[in-house]
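Quick note: the coordinates plus some simple rules give every number you see, no bench work behind them. No experiment lies behind these values; they were computed from the predicted model shown. Note that each Cβ is placed from the backbone with ideal geometry, even for glycine, and that neighbours are counted across all protein chains shown.
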Amino acid sequence: MFQMTLETEALIDRALSEDLSIGDPTTDILIPPDMQGKASFVAKENGVLAGLDIALAVFQRFDRSFVVNTNVRDGECLSSGDLIATVNGKMNPLLKAERTSLNFIRRLSGIATETAAYVREVDGYDVRIVDTRKTTPGLRALEKYAVRVGGGYNHRQNLGDGILIKDNHIAALRDLGMNLGDVVRKANSEKSHTINVEVEVEDLAQVEEALDAGAKILLLDNMAPEDMAIAVRMSEGRAVTEASGNITLRTVRAAAASGVDIISVGALTHSAKDLDISLDFAS
């Protein structure tokens, strides 16, 4: 169940205002204000449900008199034709909130479904599928929630959520005469004791340099599975290993077989297809 916050409520308000900032003349002209109706969320394809509480909150945020009933919970599998939930109340506001509600539930269910596919693909390996910061601006908290619903885990929520030295940091400091090891040592010497240092490495020479400098997490960027396996052996007892870079459903199992601890997949959020869910109306 998603924990609603003031930030989420404000996000729903902004989403509703995209459609309703200057009104809805179509609905106001055609639909009597006292007409009652029922809207039913129906799955049109198989997948994993996520975002139902948010979709229903859209209606209740718009009109608190709506009555909702649910048949399925977030994290449960959907089959095409399943009745997910119903919303009962005045038809006029039902129609006005329809699209905003569907946009949330379709997007988040698509992410949960995509994540679940990756998790199934690495079944049998002791590895975590995690997301990245490649999220839709303003929707990160919701999209990362959907990843968890799909069986995945979250990487950093924001830049302050850990030290991750990437290639661009190293390139920038190279002009000051610092190499990868120097950068890691600087981060270790000035960081809080509660934060570990992660560094992006591209080959086995950088793996060795980062380990010698005290890195506790290695992001193995675009490495071949055989090199990842060597990096895992080099890092044993010294650092956590994370595979990253163009990981797809076709390649994720080979990455898992290398023995890495974590596989980060940007596609969970930046390329997931919305799950086909409809809102069917009856008076």
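Summary table
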{"quantity": "Proportion of all alpha-carbon pairs of the stretch 68-132 beyond 15 Å (%)", "calculated": "66 percent"}
{"quantity": "Charge dipole of the stretch 36-93 about the Cα centre (unit charges at C-beta), most positive-ward option of Gln60, Thr86, Leu49", "calculated": "Gln60"}
{"quantity": "0 to 90° range, to nearest 10: angle between helix 6-20 axis and the chain longest Cα axis", "calculated": "60 degrees"}
{"quantity": "Cα gyration tensor shape of the chain, rounded if a/c is under 1.5, else prolate or oblate by comparing a/b with b/c", "calculated": "prolate"}
{"quantity": "Electrostatic dipole magnitude of the stretch 1-153 [Cβ: Lys, Arg +1; Asp, Glu -1; Cα centre; debye, to 20]", "calculated": "140 debye"}
{"quantity": "Point-charge dipole on Cβ atoms (K/R +1, D/E -1) for the chain, about Cα centre, debye to 20", "calculated": "500 debye"}
{"quantity": "Rounded tilt (10° steps) of 180-190 against the dominant C-alpha axis of the chain", "calculated": "70 degrees"}
{"quantity": "Check: the stretch 99-203 dipole with +1 on Lys, Arg Cβ and -1 on Asp, Glu Cβ, in debye", "calculated": "640 debye"}
{"quantity": "Where Cα atoms sit under 28 Å apart: lysine pairs in the chain separated by 8 or more or lying on different chains", "calculated": "25"}
{"quantity": "Charge tally in the Cβ shell below 10 Å around Glu242, where Lys, Arg are +1 and Asp, Glu are -1, Glu242 excluded", "calculated": "-3"}
{"quantity": "The stretch 38-94 versus the stretch 116-149: alpha-carbon centroid distance in Å", "calculated": "23 Å"}
{"quantity": "Vicinal HN-Hα couplings computed from phi for the stretch 115-125 (Karplus, 6.51 cos²θ - 1.76 cosθ + 1.60; Hz; Gly/Pro x)", "calculated": "4, 4, 5, 5, 4, 5, 5, 9, 4, x, 9"}
{"quantity": "Amide H within-cut-off set for Ile277, under 5 Å, with H built and near neighbours excluded", "calculated": "Lys44"}
{"quantity": "Cα gyration tensor shape for the stretch 154-233, rounded if a/c is under 1.5, else prolate or oblate", "calculated": "oblate"}
{"quantity": "Set of the stretch 87-117 residues, backbone N closer than 12 Å to the point 7 Å along the Cα-Cβ line of Ser283", "calculated": "91-92"}
{"quantity": "Charge sum, other residues only, whose C-beta stays under 14 Å from Leu20's C-beta, Lys/Arg counted +1 and Asp/Glu -1", "calculated": "-3"}
{"quantity": "Tilt relative to the chain, helix 140-149 - C-alpha long axis, 0 to 90 degrees, to 10", "calculated": "90 degrees"}
{"quantity": "Relative contact order computed over the chain (Cα-Cα under 8 Å; 6+ residues apart), in percent", "calculated": "22 percent"}
{"quantity": "Charge sum, other residues only, whose C-beta stays under 10 Å from Tyr153's C-beta, Lys/Arg counted +1 and Asp/Glu -1", "calculated": "+2"}
{"quantity": "Among beta bridges that DSSP assigns inside the chain, antiparallel share in %, nearest 5", "calculated": "50 percent"}
{"quantity": "Packing-based ranking, highest mean first, of 157-170, 175-188 given that Cβ atoms within 10 Å are counted", "calculated": "175-188, 157-170"}
